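See structure below.
The values are calculated or read from the model by the stated rules, or taken from the named source; none is laboratory data. Note that the structure is a prediction, hence the values are computed from the model and not measured. A quick note on method: Cβ atoms are made from the backbone with ideal geometry, for glycine too, and the neighbour counts reach across all protein chains shown.
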Amino acid sequence: MKLLEKILVPIHLNNVCQKQLDTAVQLAQKFNSKIFLFNVLPEEAKLESINSYINQYVKVEMDKIVKKLSYAEDKIEKRIGYGNTFDQIINISESENVNLILIANQPNADGEAIIIDVLSEKLVRKSNKPVWLVKPDNAVIPKNILCPIDFSDSSERALNNAIKIAKTFQAKLTVLNVFQPLQESFSVRLNADYQQENDNLKLENKINLDRFLEQFNFIDVDFTLKVINGKPAKKIVRFAKKNQIDLIFMGATGKSYLQRVLLGSVTELVLRELPASMIINKAENLLDLKIESDISSLEKHLSQAKKLEELGYYEEAIEQLKICLHINDLHLPTLYKLSKLYKKLGNHEISENYKQKSIEVLNRLWDKKIEFDLRKGLKF
């Protein structure tokens, strides 16, 4: 089973961010991912007179980095690119079909990393791949995750991934919806009851929020929903700072046509403040479930089901368990797990059916044990 198969980690050899590397390793360990360490050199480095010397220097420095990482070296691939850094990162992310680009916000000339650097902003704007922007002063393992939602498709992808990462790291997840009321206008041409209009809009927002959240499964997640009023970007930044958020998931596009083409205005404003590390989703999911088809043993399917359940892929876990039943239709742990999973999904009738089957199997095994003990004792 693969969820986060390939992580691209662009690095600066003269300014390596340890938090970026540590975050990559923590993710790779959790998901058994392959890490691509990628360093981009200027085009002049390809000149024959200096290329071999520069390549040897880069190789030695990258080897030093790899040796310091607490991750299997055969799962780390070192790559060198030449030319424009942004173009090279985009090219390798597409050619290797990575799941994630994990970058660190580089300090400015004064050593401050408050404002997002140019490369990071360009990657967020232009890349179709999810981008994880590491803020150097944030925790490596997230404990408090924030996911603002606006009911857009990219917001849906962001929340799906936030739930999975919250499960993986057993972090607290806060889903934040910011309702922006209409502001009174002083134009004499407008004669509106703003209180009534805002009450109507607030009710509509609640209906949309309930409908949006229905599609997500928050079972086994330490989850809180917050709805606040105000200007979205300011409220998101303030909430993140006040509540010591480690990681923010946001969709890269908004609901309007223009925002779908460009970076969503709210996401852009939050990104510029960078109150915490951020993961920006645009066209692709951070976690992409792939189940190997060559698994044949009951134990392996059972192991797959356990991992899928831990990450909240309950339907997929059930499919793995049903394969177990094809191998052994009286397998007690499988029957028990199916009952538990269907209960989590709210299908109590099917859950009860599997529970009864497990009781029947248990009784049958118990009867056989008694019979065996009797035969042994009476020497039949």
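Side notes on the structure shown:
- Output for segment 212-230, where each listed residue is out of contact with any helix residue (DSSP H, G or I) (no Cβ under 9 Å at 6 or more places or on another chain) and within 13 Å of N177 (Cα to Cα): T224
- The criterion of being closer than 28 Å to L176 by Cβ, part of a loop (DSSP other than H, G, I, E, B) and more than 19 Å from the chain's Cα centre (by Cα) holds for I116.
- Scan of segment 127-175 for residues that are part of a loop (DSSP other than H, G, I, E, B) and either farther than 22 Å from K235 by Cα or small (G, A, S) (or both), ordered by number: S127, N128, K129, P130, P136, A139, V140, I141, S152, Q170, A171
- Checked against the criteria, I141 does not count as under 22 Å from L21 (Cβ atoms), among the aliphatic types (A, V, I, L, M) and surrounded by 23 or more Cβ atoms within 10 Å (Cβ to Cβ).
- You will find that of D294, D367, D373, the residue that is within 28 Å of F31 (Cα to Cα), of a type in the set (D, E, K, R) and either outside the structural domain of K122 (by TED's automatic domain parsing) or modelled with pLDDT under 85 (or both) is D294 and no other.
A quick yes/no check of all residues on (1) within 30 Å of Q304 (Cβ to Cβ); (2) over 31 Å from the mean Cα position of the chain (by Cα):
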| residue | (1), (2) |
| --- | --- |
| I35 | yes, no |
| V40 | no, no |
| E48 | no, yes |
| I54 | no, yes |
| E61 | no, no |
| A72 | yes, no |
| E77 | yes, no |
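- Considering segment 211-269, and only residues there that are modelled with pLDDT under 90 and among the acidic types (D, E), the residue that is surrounded by the most Cβ atoms within 10 Å (Cβ to Cβ) turns out to be E268.
- Test: residue in segment 105-114 that is at pLDDT below 90, crowded, with 22+ Cβ neighbours inside 10 Å and of a type outside the set (D, E): yes
- Set side by side, the residues E44, E77, E94 differ, and just one is assigned to a strand (DSSP E or B) and surrounded by fewer than 16 Cβ atoms within 10 Å (Cβ to Cβ), which is E77.
- Some residue of segment 60-72 being closer than 22 Å to L274 by Cβ and buried (at least 18 other Cβ atoms within 10 Å of the Cβ): no
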